[in-house]
1. Only one of ALA152, ALA173 is outside any helix (DSSP H, G or I), surrounded by 21 or more Cβ atoms within 10 Å (Cβ to Cβ), more than 16 Å from ligand 1 (Cβ to nearest atom) and among the hydrophobic types (A, V, I, L, M, F, W, C); which?
2. Can you pull out the residues in region 176-192 that are within 16 Å of ligand 1 (Cβ to nearest atom) and among the aliphatic types (A, V, I, L, M)?
3. Between ASP292, ASP308, ASP354, ASP321, which is over 20 Å from the mean Cα position of the chain (by Cα) and touching a residue at least 40 places away in the same chain (Cβ under 8 Å)?
4. Kindly list the number of the only condition in (1) surrounded by fewer than 20 Cβ atoms within 10 Å (Cβ to Cβ); (2) in contact (Cβ under 8 Å) with a residue 12 or more places away in the chain that fails for VAL58.
5. Show me the helices (runs of 4 or more DSSP H) found entirely inside region 281-371 where at least 3 residues are charged (D, E, K, R).
6. Residue check: is ALA105 buried (at least 20 other Cβ atoms within 10 Å of the Cβ) and away from ligand 2 (no atom under 16 Å from the Cβ)?
7. Taking region 255-275 as the search range and keeping residues that are assigned to a loop (DSSP other than H, G, I, E, B) and closer than 19 Å to ALA215 by Cα, which one is farthest from the chain's Cα centre (by Cα)?
Amino acid sequence: MTQEETTRTVLIVGGAPYGEERADLLLVDGVMAALGVDATAHPAAADATRIDADGLIVLPGLVDLHTHLREPGREDAETVETGSAAAALGGFTAVFAMPNTDPTADTAGVVEQVYRLGRDVGLVDVHPIGAVTVGRRGERLAELAAMASSAAGVRVFSDDGECVSDPLLMRRALEYVKAFGGVIAQHAQEPRLTEGAQMHEGVVSARLGMTGWPAVAEEAIIARDCLLADHVDSRLHICHLSTAGSVDVVAAAKARGTRVTAEVTPHHLLLTDERAEGYDPVFKVNPPLRTDTDVQKLRSALADGTIDIVATDHAPHASQDKECEWDNASPGMLGLQTALSVVIATMVRPGLLDWRGVARVLSEAPARIGGLAGHGRPIAVGEPANLVLVDPDTSWTVSGVDLASLSANTPFEGMELPGRVVGTFLRGKQTVADGALLSVQVI
Ligand code: DOR
Ligand code: ZN
């Protein structure tokens, strides 16, 4: 057996898929070849690299539908390489990269560039999201079909960071992507209602004297776009849904059959607008942190399926863009390496989600929404070996400078979070072992 074949055969011993019955797992050539008692009895098991997963939970590799990798253009904040490292360490095997780069990912050329950078790094599958409008300026549609038929095979389109606020452009975009099974991911923010906004509009913004970002600015766009998606019978995805009222709008649309899906971020599941009280811009984010009532409703909506997925909105920013006064700071926070732990803290520990539910919201549903065939698959014989091993019983203290991202703007600095990613496998190759990055070349 050659060295290459040896490293491609892995026996994971003693892990518990979905936190249920323990079952050994044999990976051969990037595929799950045997499960349970069959795994150790399999002829290939004798020469396999053995990995002790005693006490660990095995989940399908996580999929992030909303990541900012900053390349091209802001390689001082993040690169495809450093963002991929953060993703693998966070348990992800695939990420979707938002197009608000410089140049904007609004052409086949730029999305192919990002796609190839991701493939060359080889730690996670990087799927570029294409811009809906040229330069994300909201004036005319970008080359959606050219991006779809490019080597990057783009299926998700978004002007994230900006709302596609023109209803006619939104309608046309929704109609256009039907031809290739695409989806429009909307950053729902009515621009006129949020001019100059710095934080959630409510009692805290009134006390601090900051310009507010009212919940209705999100809810009005979601309601409008659900109606437009109905009208043209197309697929709509709502980025980083953040208010209790938005949950009601999405629930009503789903009840009448609208083809809408929605995501919530880890930070909106854990933090509230009271964090703004110290004027620390690490807590500035768009949409802003909301109230505890919103947080509780977001958690229950994720548990009952009204909200389909957790997406990180990993938004690295260089220190000069964050360590300044609140009004001038860029919005956004890191998320890839803390997402799973925050979901454990906010959803698993309180009994709102079991591990099957975690697999659903952080792997299966995002892969389905993004149109990925090789990710978010069940842990079963014949499926691609994209997996994460999680220690559910440990905890760790977050330190921004220790994260793999080039930036350090984590809102969870100093917090002790439960659960830890121990290992990650991309098509059977281990990218993370004992919680540390391995440099690998995955085929
Ligand atoms: O907080 C945010 N940061 N929200 C966005 O929509 C964009 C993102 C970024 O690119 O930094
Ligand atoms: Zn956004």
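1. ALA152
2. Correct list: ILE184, ALA185, ALA188.
3. After applying the criteria, what remains is ASP321.
4. Exception for VAL58: condition (1).
5. The qualifying helices (runs of 4 or more DSSP H) are 292-304.
6. Spelling it out, it is not the case that ALA105 is buried (at least 20 other Cβ atoms within 10 Å of the Cβ) and away from ligand 2 (no atom under 16 Å from the Cβ).
7. Ranking the qualifying residues of region 255-275, first place goes to THR272.
Matching residues to (1) touching a strand residue (DSSP E or B) at 6+ places or on another chain (Cβ under 8 Å); (2) at pLDDT 95 or above; (3) more than 16 Å from ligand 2 (Cβ to nearest atom):
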{"residue": "ARG192", "(1), (2), (3)": "no, yes, yes"}
{"residue": "ALA206", "(1), (2), (3)": "yes, yes, yes"}
{"residue": "GLY209", "(1), (2), (3)": "no, yes, yes"}
{"residue": "TRP213", "(1), (2), (3)": "yes, yes, no"}
{"residue": "ILE222", "(1), (2), (3)": "yes, yes, no"}
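The values are calculated or read from the model by the stated rules, or taken from the named source; none is laboratory data. Since we're looking at a predicted model, the values are computed, not measured. We place every Cβ from the backbone using ideal geometry, glycine too, and count neighbours over all the protein chains shown.
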